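Visitor: Here's a structure for you.
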Amino acid sequence: MFYSMEIKDHIRVPPDLFGLEVKESVVKRLKKKYEGFISKDLGIVIDVKDVKTIGEGVIIPGDGASYYDTTFELLTFKPEMQEVVLGKIKDIADFGAFINLGPIEGMIHVSQTMDDFVSFSKEKVLSGKESKKTLKIGDKCRARIIAVSFKDVTNPKLGLTMRQPYLGRLDWIEDDVTKAQPTEDKEDKDSKKEGKKKK
């Protein structure tokens, strides 16, 4: 899920940026420090959204840089368990598919790609035996997050599934909706008939 987070930090501005306006130099240092930063608490930092306040600069002897107490907003992506996400298949291997979710990639194990027996072909395609569904590189899919690990903070791991209804390749979802539609219409007609009989 995307979040806007307000953070406070001491920002070091080196002497080579003293010629700029204070806000501009602080923003440059914030972007250098935080863009692409990954942590369990923040998730993945996408951008420095806004600078709220900048305190008075303090120079520490022996350093030469100026330090500013700064309050700012970050735009972050923090994956949540059971969250439904939209992405594009980046690569396929015999053990599953890798999906690009924008700021991060996730992995869909072959057993979680579809509710069917799945086979892998040399053309990097996963195929369902009975359903005849196929999954290939470039397909846009909807998946649900079932595992999140920040054990290695530089490379967080996401596990996803597409086995439930209304998940998977987008045209599979359209098929699920189409199949569900007549049933709902029939139930509505049946309940209207019962309503007329009672009157």
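Visitor: Just to be sure I understand the filter: pairs with C-beta atoms under 6 Å, separated by 6 or more residues or on different chains, first member in the stretch 107-127 and surrounded by 13 or more Cβ atoms within 10 Å (Cβ to Cβ), second member in a helix (DSSP H, G or I). Which pairs pass?
Guide: Sorted first by the residue in the stretch 107-127, then by its partner, the pairs are Val118/Val110.
Visitor: Another question, if that's okay. If a residue must be within 19 Å of Leu86 (Cα to Cα), modelled with pLDDT of 90 or more and not in a strand (DSSP E or B), how many such residues does the stretch 122-156 contain?
Guide: Of the residues in that region, 4 qualify.
Visitor: Looking at the stretch 155-179, I want the residues that are within 27 Å of Ser39 (Cα to Cα) and have a partner that is in a loop (DSSP other than H, G, I, E, B) and of a type in the set (Ser, Thr, Tyr) with Cβ atoms under 9 Å, at least 6 apart or on another chain. Which pairs are those?
Guide: Close Cβ pairs satisfying both conditions: Thr161/Thr113; Met162/Thr113.
Results for (1) loosely packed, with under 14 Cβ neighbours inside 10 Å; (2) aromatic (Phe, Trp, Tyr), shown as yes or no for each residue.
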| site | (1), (2) |
| --- | --- |
| Glu6 | yes, no |
| Val13 | no, no |
| Phe18 | yes, yes |
| Val22 | no, no |
| Asp63 | yes, no |
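The values are calculated or read from the model by the stated rules, or taken from the named source; none is laboratory data. Predicted model only: the values in this text are computed from it and were never measured. So basically every Cβ, Gly included, is an ideal-geometry build from the backbone, and we count neighbours across all protein chains shown.
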